[in-house]
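See below for the structure under consideration.
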């Protein structure tokens, strides 16, 4: 993992980190094509092997798109290398952290999905991605009522300990981010590179988000806000979240794509109803007919998720809430591996470099500290990292 809290990543620091450079070069060559990236990784075993000079000729045997092979040829020239070096400099200039699935800070909630991003570029606080999140999506041209409802739900849910996840778009996204900002808990997933804020009117909002939350993308710098980027962005929005709340949406709203992604990922989908004659609400009503949970108060979202997290701990007697002001150093790595959905011992053992006896001992320590619990054979976090 490459991570700096306050300054952008230094160019020299990135060059010392072989894995992100090799992975980033393949991601650049396939132009964000997940299928081509996976095909290359499966064939060569790793991005490091794929970019070895003696392996480059094999790319033509993999059935890759002609544009990818053309870019590979250009990549091997002095001009191509210079162009890629300029891209690396842009990554350094605009990123506070870079995460790959091998990193301990990579959001574990994305890993079960075969289309999880092979790399995430981010600004702000990387640890925010590991906190419990609820996605809020809806129309880019909402009614004043819809905008207010989005803000109110986000305000309430963030006050209860959730990070509000959305796409930094006009309308419902913007209102949800602002509601989450009231308690410094919001995350934006974008469909562009980090060098671009889209829409540009949300530049100040983006700056505010990075102060306490995070902005992340799988797209490299200079990537423009093309229409096809936003549906694939939505799988990350839903994948990071415990559930998705659709506030206000027409029948052809892009937010229904996020709802469908969430349903396919096994996440809960919530829809807020509205006036039966309003076009703004027809998408929400359709989701409800298809099985989404109708909600008219944010507390209902919390009740239906039924997770043993911070808001439940707040209801316990005060003496039970005695929590250390910091987590012991030797437990931080394991704590960061835990999520809010749950992982069994075998899943944790695959990602945590320790013996089973050491792993179970540390899990017991976290349980005694009130930072972890067992539920149906799985280990879950109990509250955000302080």
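The values are calculated or read from the model by the stated rules, or taken from the named source; none is laboratory data. In this text the structure is predicted, and so the values were computed from the model without any measurement. Heads up, the Cβs are rebuilt from the backbone with ideal geometry, glycines too, and the neighbour counts pull from every protein chain shown.
Listing for the model above:
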quantity	calculated
Residue within region 216-228 that is outside any loop (DSSP other than H, G, I, E, B) and crowded, with 24+ Cβ neighbours inside 10 Å present	yes
Verdict on residue 154 being more than 30 Å from residue 349 (Cα to Cα) and either at pLDDT 95 or above or out of contact with any helix residue (DSSP H, G or I) (no Cβ under 6 Å at 6 or more places or on another chain) (or both)	yes
Failed criterion for residue 115 (all others in (1) outside any loop (DSSP other than H, G, I, E, B); (2) modelled with pLDDT of 95 or more; (3) under 30 Å from residue 55 (Cβ atoms) hold)	(1)
From the options 206, 176, residue that is farther than 27 Å from residue 286 by Cα, part of a helix (DSSP H, G or I) and under 19 Å from the mean Cα position of the chain (by Cα)	206
Any chance residue 276 is assigned by TED's automatic domain parsing to the domain that holds residue 157, surrounded by fewer than 19 Cβ atoms within 10 Å (Cβ to Cβ) and without any contact (Cβ under 8 Å) to a residue 12 or more places away in the chain	yes
Residue check for residue 128: touching a strand residue (DSSP E or B) at 6+ places or on another chain (Cβ under 7 Å), in a helix (DSSP H, G or I) and under 22 Å from residue 256 (Cβ atoms)	no
Meets criteria (assigned by TED's automatic domain parsing to the domain that holds residue 180, at pLDDT 90 or above and under 26 Å from the mean Cα position of the chain (by Cα)) for residue 294	yes
Yes/no for residue 170 being touching a helix residue (DSSP H, G or I) at 6+ places or on another chain (Cβ under 8 Å), in the same structural domain as residue 273 (by TED's automatic domain parsing), over 16 Å from residue 248 (Cα atoms) and surrounded by fewer than 17 Cβ atoms within 10 Å (Cβ to Cβ)	no
Tally of residues being within 11 Å of the chain's Cα centre (by Cα) and either surrounded by fewer than 22 Cβ atoms within 10 Å (Cβ to Cβ) or over 19 Å from residue 191 (Cα atoms) (or both) across region 112-126	1
Test: residue in region 98-109 that is farther than 30 Å from residue 262 by Cα and part of a helix (DSSP H, G or I)	no
Subset of region 185-203 [over 15 Å from residue 151 (Cβ atoms) and in a loop (DSSP other than H, G, I, E, B)]	190, 191, 192, 193, 194, 195, 196, 197, 198, 199
Which listed residue is modelled with pLDDT of 95 or more and surrounded by 14 or more Cβ atoms within 10 Å (Cβ to Cβ), from 72, 23	72
